[in-house]
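Worksheet for the structure shown next.
The values are calculated or read from the model by the stated rules, or taken from the named source; none is laboratory data. Quick caveat, the model's predicted, so the values are computed rather than measured. Heads up, the Cβs are rebuilt from the backbone with ideal geometry, glycines too, and the neighbour counts pull from every protein chain shown. Just the protein is used for accessible areas: all its heavy atoms, side chains included, with ligands, DNA and RNA removed. Shrake-Rupley method; radii C 1.70, N 1.55, O 1.52, S 1.80 Å.
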Amino acid sequence: MGESFLSIEAARRLSCDAGVAEVVENEQGTPLSVGRKRRTIAGALKRALYKRDATCTYPGCTHRIFLEGHHIKHWVDGGETSLTNTALLCSLHHRYVHEYGYVIELGAAQRPRFRDPHGRLVAAVPSCPTVTDLGWPPIRAVNKPLAIDADTIACEWDGNPVDYGAIVGHLVAADGLRR
């Protein structure tokens, strides 16, 4: 059976918010030393991250569950595990950053900004408008001038075969395309 390996970027994504214990092995795979777990975003830091971000920080993404903490500057590259160096990402956008070449940088007010693999800034998406008048009463009020009633959509077909040629002719004439 062949060995399977993770790409470097997949390993970085998986270790971004995970307990990682460094294991040094010799050429035969025998462990020489095992380090302690480190660099997880857990406990109070994760609660603060959820309080600050609430959703995935990728522009326009509103996912609120299955979020993962992400080191903006990865801990392997010397990034610290702190609130200012972390952001919440859903698993899809976490994969964008680690495996598809998207980059996170801190912008105004130390909030994450994203760049696509070509270096273009991913545009911010405006918040969805809040609609306060939901339900049937506002819909009925808006449609009242249309005089819609139960007979509006009543079928007037008498059971005879349909003359599709006549129908198409009327549609062409109505469209102004008749020659």
Rg and Dmax [Cα atoms of the chain; Å; Rg one decimal, Dmax integer]: 29.2, 89
Accessible surface of S91 - all protein chains present, 1.4 Å probe, nearest 10 Å²: 50 Å²
With unit charges on the beta carbons (Lys and Arg positive, Asp and Glu negative) and the dipole taken about the Cα centre of the chain, which residue among L146, V131, A173 sits farthest to the positive side? V131
Computed over the chain, protein heavy atoms only, probe 1.4 angstrom, the accessible area per residue in square angstrom equals 75 Å²
Filtering trypsin sites (Lys or Arg not before Pro) in the stretch 101-143 by DSSP loop and by at most 16 other Cβ atoms within 10 Å leaves R120
So how strong a dipole does the chain carry about its Cα centre when Lys and Arg Cβ are +1 and Asp and Glu Cβ are -1, to the nearest 20 debye? 980 debye
In the stretch 51-106, the GluC sites (Glu not before Pro) that fall in loop regions by DSSP, at most 13 other Cβ within 10 Å: E80
Count the lysine pairs in the chain whose Cα atoms sit under 22 Å apart, keeping only pairs 8 or more residues apart in sequence or on different chains. 4
Within the chain, which is the longest segment that contains none of the chymotrypsin sites (Phe, Trp or Tyr not before Pro) sitting in a DSSP loop with at most 12 other Cβ atoms within 10 Å? 6-65
Could you rank I72, I153, I139, I8 by how accessible they are, 1.4 Å probe, largest area first? I153, I8, I139, I72
Starting from the residue with the highest accessible area, list T55, T81, T130 in decreasing order, probe 1.4 Å. T130, T81, T55
Any idea of C128's accessible area? Nearest 10 Å², probe 1.4 Å. 110 Å²
Quantify, in whole percent, the carbon and sulfur part of the accessible surface of the stretch 121-179 (1.4 Å probe; protein heavy atoms only). 62 percent
Relative contact order, percent, the stretch 81-126 [alpha-carbon distance under 8 Å, six or more residues apart]: 23 percent
Relative to the present Cα-Cα distance, how much length would full extension add between L121 and A48 at 0.36 nm per residue of separation? 23.6 nm
Between K144 and H63, Cβ-based FRET efficiency (R0 45 Å, step 0.05) works out to 0.70
